[in-house]
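Down below is the structure, laid out as structure tokens.
The values are calculated or read from the model by the stated rules, or taken from the named source; none is laboratory data. Everything numeric in this text was worked out from a predicted model, so none of it was measured. Here the Cβ positions follow ideal geometry from the backbone for every residue, glycine too, while neighbour counts run over all protein chains shown.
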Amino acid sequence: LGKTSIYAIIWAKLVMSNGDDHGLHAFVVNIRDPKTMLPYPGVIVGDLGEKASLNGVDNGFIMFNKFCIPKESLLSKTGDINDDGQYISPFKDKSKRLGNIMCIVYYNYTLQ
């Protein structure tokens, strides 16, 4: 992420243009121009610098400032946005949706 990543998978609140907040969702985001390696406007990336060990691993940080993500970037396992711009989800309760997301994260983590 620090110096070489072009894409990042981020977890962020899904806030619609009308202000509706649908809670935590995963997105795959293009953060840099692949030709220049410069971050896109609204994206701030940086390297964490020298560490106590594993300096060959490119660790970094990312911040967003008024950065809009297209709906196609939404990893839509627990919710999606239809062509009319409406949010749809099999989970009507945000806490159940979050619980499902956490199960997915835990399951993927335990497989590693």
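Residue 76 satisfies every condition listed in (1) surrounded by 13 or more Cβ atoms within 10 Å (Cβ to Cβ); (2) touching a strand residue (DSSP E or B) at 6+ places or on another chain (Cβ under 7 Å) except (2).
Remark: pairs (first residue in the stretch 36-54, within 17 Å of residue 10 (Cβ to Cβ) and hydrophobic (A, V, I, L, M, F, W, C); second residue modelled with pLDDT of 85 or more and part of a loop (DSSP other than H, G, I, E, B); Cβ separation under 9 Å; 6+ apart in sequence or on different chains) = 43/31; 43/65; 43/67; 44/65; 45/5; 45/31. Would you be able to say whether some residue in the stretch 59-70 is more than 12 Å from the chain's Cα centre (by Cα), under 15 Å from residue 4 (Cβ atoms) and either assigned to a loop (DSSP other than H, G, I, E, B) or of a type outside the set (Gly, Ala, Ser) (or both)? Yes. For the stretch 1-15, the set of residues classified as closer than 12 Å to residue 69 by Cα and of a type in the set (Lys, Arg) consists of 13 only. Residues of the stretch 78-108 that are of a type in the set (Val, Ile, Thr) and either in contact with a His (Cβ under 8 Å, 6 or more places away or on another chain) or at pLDDT below 70 (or both): 78, 101, 104, 105. When the stretch 33-77 is limited to residues that are of a type in the set (Gly, Ala, Ser) and farther than 22 Å from residue 17 by Cβ, the one that is modelled with the lowest pLDDT turns out to be 56.
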